[in-house]
Amino acid sequence: MTASETHRTIDAIWRIESAKIIGALTRLVRDVGLAEELAQEAVVAALEQWPSSGVPKNPGAWLMTIARRRAIDRIRRDKTLERKEEEFGRALPVEEPGPEPDEVGDDVLRLMFTACHPVLSTEARVALTLRLLGGLATDEIARAYLVAESTVAQRIVRAKRTLAKEKVPFEVPSGDELAPRLSSVLEVVYLIFNEGYSATAGDDWMRPALCEDALRLGRIVAALAPKEPEMHGLVALMEIQASRARARIGPDGEPILLLEQNRALWDRLLIGRGLRALARAEELGGLRGPYTVQAAIAACHARAATAGDTDWIRIAALYEVLARLMPSPVVELNRAVAVSMAFGPGAGLALVDKLAGEPSMQQYHLLPSVRGDLLVKLDRPTEARAEFERAAELTRNTRERELLLNRAKDCS
């Protein structure tokens, strides 16, 4: 195996093992920043040794062992931590292959709750989660979000400092703390997925790698927290939405909207997984959480053989439920679309026009986009063209801008 092949192998192993290694180390040193530093030292050792010695049979255990040894060396150098060194040495016999499976799962779950702690900003939570649990390098996160690498690095450094300063415990919250903390985890995972599914800026309509990272994180947390209905609801939503990936982009990278997609290209395996996750969520909690309700909406599309078979009346009803659970102008805009499909464009336009004065919607490109679509259906092309042009001005995604400008031209 060449050095470059070994490096690629190490990168792949790190993606898989990083959360387990950092989680186990954090449980013992109680410092996320130090834990990641020790894990990275193990990766450096692998980069130095594996090209000549070969990849070990159990690379994850090898990395864990090296990281533990570095931790013990670090503690020995600090004379003020002699007592902790003794406890640490007893807790982690160096020659053992690693923590028990149950401990590994608990550590990953604790790490997820730590990285997604509400004390951090949304941007910091996303960056830290991708770094610690997704195994992404700083430059990979920067490329995915089209920001400077230095910006991502600063977010991660500040996040670690904040966690240490606030003495955030490395634990799975319980009692009254669980719901808001779980909500933060779900929010971060879905934010990552959404940025991959509909990129907010740049030249690409989708960034599939981010979707895959979010799905992997969601599946891990759902497996580790099997009794949380909303976790299964989020996984269901992401699986079903991800099933449309091949149909959402044309041969030249242009966006293809939902009702125009070739449903034969939808991934039936992902749809099946999503429907099973939705059934599990409904068994545990019914339609009482926003992610489960959104998954139920996505399932209506997935079950329809053609766009014309879509049960828009049910979708409109589900959006009413969602609006009560998660009231927001964006939800109301989506409800307006469903109402227009179920009861006619006039009914939808009346709801859209009620949102025109919302301050949060003034720079939201989908408001004029939806309004333009409804005006086309009402045979008001001049007004529709102005709406599409306005939407094109507001979006930061190049592909979406091209789509909207083409729709404006069609109104001539």
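No value in this document is a laboratory result; all are computed from the given coordinates. Remember, predicted model here, so these are calculated numbers, not experimental data. Cβ: placed from backbone, ideal geometry, glycine included. Neighbour counts: every protein chain shown.
Relative protection proxy for 200-206, 21-27, from highest mean packing down: 21-27, 200-206 (other beta-carbon atoms within 10 angstrom).
Annotation for R161 and R303: the two label points, set 7 Å from Cα along the Cα-Cβ direction, are 5.2 nm apart. Principal-axis analysis of the Cα atoms of the chain puts helix 178-197 at an angle of about 70° to the longest axis. Full extension of the segment from K409 to L258, taken as 0.36 nm per residue of separation minus the current Cα-Cα distance, would add 52.3 nm. The separation of segment 323-393 from segment 20-37, counted between C-alpha centres, amounts to 47 Å.
Between S198 and S121, the simple label model (points 7 Å from Cα in the Cβ direction) yields a spacing of 2.4 nm. 3J(HN,Hα) along segment 35-40, derived from phi through the Karplus expression 6.51 cos²θ - 1.76 cosθ + 1.60 where θ = phi - 60°, amounts to 4, 5, 4, 5, 5, 5 Hz, with x in place of Gly and Pro. Seen from all directions on average, the chain presents a Cα convex hull projection of 22.7 nm². Available extension along the chain between R314 and Q363 is 14.7 nm, counting 0.36 nm per residue and deducting the alpha carbon span. Annotation: amide H of G202 within the under-5 Å range of T398, sequence separation 5 or more or interchain, hydrogens built in the peptide plane. Provide, in order from the shortest bin, the percent of all Cα-Cα pairs of segment 116-169 in each 10 Å bin, continuing until the bin that contains the maximum pair distance. The distribution over segment 116-169 is 27, 57, 16, 0, given as percents. The packing ranking, built from the mean of other Cβ atoms within 10 Å per residue, places the peptides 390-402, 228-240, 187-199, 47-59 in the order 228-240, 187-199, 390-402, 47-59, highest first. For segment 326-332, backbone phi angles converted through the Karplus equation (6.51, -1.76, 1.60; θ = phi - 60°) give residue-by-residue couplings of 9, x, 6, x, 5, 4, 5 Hz, Gly and Pro being listed as x. Between 0 and 90 degrees, the angle of helix 208-224 with respect to the longest Cα principal axis of the chain falls at about 60 degrees.
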